[in-house]
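Here the structure is laid out as structure tokens; the discussion comes afterwards.
The values are calculated or read from the model by the stated rules, or taken from the named source; none is laboratory data. Note that the structure is a prediction, hence the values are computed from the model and not measured. In this analysis, Cβ positions are derived from the backbone assuming ideal geometry, glycine residues included, and neighbour counts consider all displayed protein chains. Ligands, DNA and RNA are excluded from the accessible area calculation, which covers all protein heavy atoms including side chains. Shrake-Rupley method; radii C 1.70, N 1.55, O 1.52, S 1.80 Å.
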Amino acid sequence: MITTQGLSYTYRGQNKIAFRDISIQRSEHWLLLGESGSGKTTLLHLLGGLLKSQAGSIEVNGTEITKLSESGLDRFRGQHYGFVFQKSHLISALTVRNNLLMAPFLAGLPQDVHRVMEVLDQLGLREKEHAQIQELSQGQAQRVAIARAVLNKPTLILADEPTSALDDRNCDRVCDLLLEASAHNGATLLVATHDQRLKSKFKNQLQL
Amino acid sequence: MNLISLVWNYLRAKPLNTGLNIFLLALGIAVITVLLLFNNQLQEKISSNAKGIDLVVGAKGSPLQLILCNIFHIDFPTGNIKLAEAERIVRHKMVKKAIPMALGDSYSGYRIVGTTTEYGALYKAELASGEFWKNDLEVTLGALVAEHTGLTIGSTFASAHGLTTDGHAHDENLYHVTGILKKSNNVLDNLILTKVESIWRVHDLIHGPTVTPVHPSSVVESVEMGDSIREITSLLIQYRNPLAVIQLPRFVNSNSSLQAASPAFETARLFSILGVGVDVLRGFAVVLILISGLSIFIALYNSLRERQYDLAIMRSMGASRRTLFISTLLEGCVLSTLGASTGLAIGHGVLWIFTLIVQESQKAGVTAAVFYSTEGFILLGSIGLGVLCSLLPAIQAYRTDIHKVLAGS
């Protein structure tokens, strides 16, 4: 599903960060652990095609993404990935439902309202369908972000510190939902975090 | 979801900002629109009213007044000219047609014009009902006169001296309505037409029955040539050939106590005087539009800062750089299109209210219910302005560095 070889990245005026080779199988759930500044986000962004790699190869779903053109990569991201970040980064001008519909629209996939309702149901957000983003609590917003990430049934969900802004109760809930939603949609999940609370929930862990 | 609804939601999320931008542009466009509608209609009216009249000959005074009075009927006569003098002009070989005008009286603000049937023919007047004036004191009403005074065929009325309703009433001789003209959208709509002789009769210059003259005057056939008592206000003259443009005005101005004024020249002069005001207003509108452009630019530029996460997230969901570029351009265009169409609507609305309040504008035939192709260009130009103002923000959106934004550095 994901294999990397000889991946490294150098920020201007800083030391090279070399990553060890990774091999993750389909539908596996992995935790990517490391302190701040250890390169978790960089690795996640490289794997997600959000950052152009400088050296090494990344193969996702049988596609060598380092060789894709920029627009090819955009399309690939839209169709294979779901992202969850530390903050929900929902578009505040849109309702919950329209936020979710942005995912298939931008990925160039058909917009299926039933699918939106299905995902909202899974995440216990059905009654929030027409809510404005400002009306949501932080935990709810993060759940909507998860809903948005899984909506297109991506093969790979990448989460960057999805729980570190949440209290214990919400952290638990969001983490469980992330695992549940990934399992439900058959997606591979990779969570980068320094949040020790998640350690007990993942079998596969990768320390940077 | 699509880009239009995304953009629309963004605009709706900031109603004050959006409203201000639309309002600013609309204000500028509205001023331009009112000027355009007013100016165009005025010029159309002026050229249609002055059509077929090459020269106006009347008593000495202001040439502009002569034109305003005898062609547009919005000013007072410069004085009268003797019939014998008018005959001298009519005899000139460069004169193809000369129509006498006897002005000075009115009925409830509408001018009574003593003339010949040729005056009606000049504007291709058609009857809506009844018939054209034939005998003394018979009148044919312009469409708006009939509409506003309520006079119908068979009605009689006494004329008043001057153009106001409270002038001295000539109630010894009553006019008699024999016909009503169709609406022609020119000056005829506001006139009451009759024979020159009717005017003379009202002013006691004719008594008793009409007698057939031995040598009929070339101006008014019912009187003897060389009449020294009777007067008219002016002659509307059509040239026989282009050479007359040079010869005839000079002949009139140098060889008699009369003056000649060219409608084309005088209206051009009038417009150049009015033009200063119009230019100032137009300049003001352009400044407004430029400010609104700047305001749209600033609004987009600022909102782009706030939206850098939105943009990065959209890229992560598969949006290409081009999509972000287009959506930002679209936002500018939607703003400017809304502003421009609101402005066009306001422009027409203001003119409509103006025509309701100011009766004179209706007399002048100004209406809000006309559309010029220039308005299409205004709309296109505004869309162009929208593109221009959103270009820089759009380029910025295009350049969004997803990694930097999402990594929070």
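Got a number for residues in the stretch B:283-320 being basic (Lys, Arg) and modelled with pLDDT of 90 or more?
2
How many of the residues making up the stretch A:114-143 are under 18 Å from B:Gly318 (Cβ atoms) and surrounded by 21 or more Cβ atoms within 10 Å (Cβ to Cβ)?
Here the count works out to 2.
Among the residues of the stretch A:52-72, which ones are within 14 Å of chain B (Cβ to nearest Cβ) and either open to solvent by 20 Å² or more (accessible area, probe 1.4 Å) or assigned to a strand (DSSP E or B) (or both)?
Within the stretch A:52-72, A:Lys52, A:Ser53, A:Gln54, A:Leu68, A:Ser69, A:Glu70, A:Ser71 meet the criteria.
Considering A:Leu151, A:Leu156, A:Leu179, which residue is within 14 Å of chain B (Cβ to nearest Cβ) and surrounded by fewer than 24 Cβ atoms within 10 Å (Cβ to Cβ)?
Going through A:Leu151, A:Leu156, A:Leu179 in turn, the sole match is A:Leu156.
Quick test for you: out of B:Leu300, B:Leu288, B:Leu338, pick the one residue that is out of contact with any Cys (no Cβ under 8 Å at 6 or more places or on another chain) and under 15 Å from B:Asn9 (Cα atoms).
Of the residues listed, the single one that is out of contact with any Cys (no Cβ under 8 Å at 6 or more places or on another chain) and under 15 Å from B:Asn9 (Cα atoms) is B:Leu338.
Just the residues that are in contact (Cβ under 8 Å) with a residue 60 or more places away in the chain and part of a helix (DSSP H, G or I), please, taken from the stretch B:355-366.
The answer is B:Gln362, B:Lys363.
Here is a yes/no grid of residues against (1) open to solvent by 40 Å² or more (accessible area, probe 1.4 Å); (2) within 18 Å of B:Leu270 (Cα to Cα); (3) outside any loop (DSSP other than H, G, I, E, B); (4) out of contact with any His (no Cβ under 9 Å at 6 or more places or on another chain):
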site	(1), (2), (3), (4)
B:Gln41	no, yes, yes, yes
B:Gly52	no, no, no, yes
B:Val57	no, no, yes, yes
B:Gly61	yes, yes, no, yes
B:Leu64	no, yes, yes, yes
B:Leu68	no, yes, yes, yes
B:Ile74	yes, yes, no, yes
B:Thr78	no, yes, no, yes
B:Ala86	no, no, yes, yes
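Restricting attention to the stretch B:276-325, and to residues there that are more than 30 Å from B:Gly347 (Cβ to Cβ) and open to solvent by 70 Å² or more (accessible area, probe 1.4 Å), which single residue is nearest to the other protein chains (Cβ to nearest Cβ)?
Selected residue: B:Tyr309.
With a cut-off of at least 2 residues that are surrounded by fewer than 20 Cβ atoms within 10 Å (Cβ to Cβ) and either within 29 Å of the chain's Cα centre (by Cα) or not hydrophobic (A, V, I, L, M, F, W, C) (or both), name the strands (runs of 3 or more DSSP E) lying wholly within the stretch B:153-261.
B:156-161, B:169-181, B:234-239
If you go through the stretch A:80-105 one residue at a time, how many are within 21 Å of A:Ala181 (Cα to Cα), within 7 Å of chain B (Cβ to nearest Cβ) and either part of a strand (DSSP E or B) or in contact (Cβ under 8 Å) with a residue 12 or more places away in the chain (or both)?
Total satisfying the criteria: 6.
What about A:Gln111, is it out of contact with any Cys (no Cβ under 8 Å at 6 or more places or on another chain), open to solvent by 60 Å² or more (accessible area, probe 1.4 Å), free of Cβ contacts under 8 Å to residues at least 12 places away in the same chain and within 9 Å of chain B (Cβ to nearest Cβ)?
Yes: the conditions hold for A:Gln111.
Name the residues in the stretch B:265-275 that are touching a residue at least 24 places away in the same chain (Cβ under 8 Å) and open to solvent by less than 70 Å² (accessible area, probe 1.4 Å), would you?
Of everything in the stretch B:265-275, those that are touching a residue at least 24 places away in the same chain (Cβ under 8 Å) and open to solvent by less than 70 Å² (accessible area, probe 1.4 Å) turn out to be B:Glu266, B:Thr267, B:Leu270, B:Phe271.
Quick one: in the stretch B:1-35, which of the residues that are within 30 Å of B:Leu274 (Cβ to Cβ) and either open to solvent by less than 30 Å² (accessible area, probe 1.4 Å) or touching a Pro at 6+ places or on another chain (Cβ under 7 Å) (or both) is farthest from the other protein chains (Cβ to nearest Cβ)?
Of everything passing the filter in the stretch B:1-35, B:Leu35 is farthest from the other protein chains (Cβ to nearest Cβ).
So which residues in the stretch B:367-409 are among the polar types (S, T, N, Q), without any contact (Cβ under 8 Å) to a residue 60 or more places away in the chain and more than 14 Å from chain A (Cβ to nearest Cβ)?
Selection gives B:Ser373 alone.
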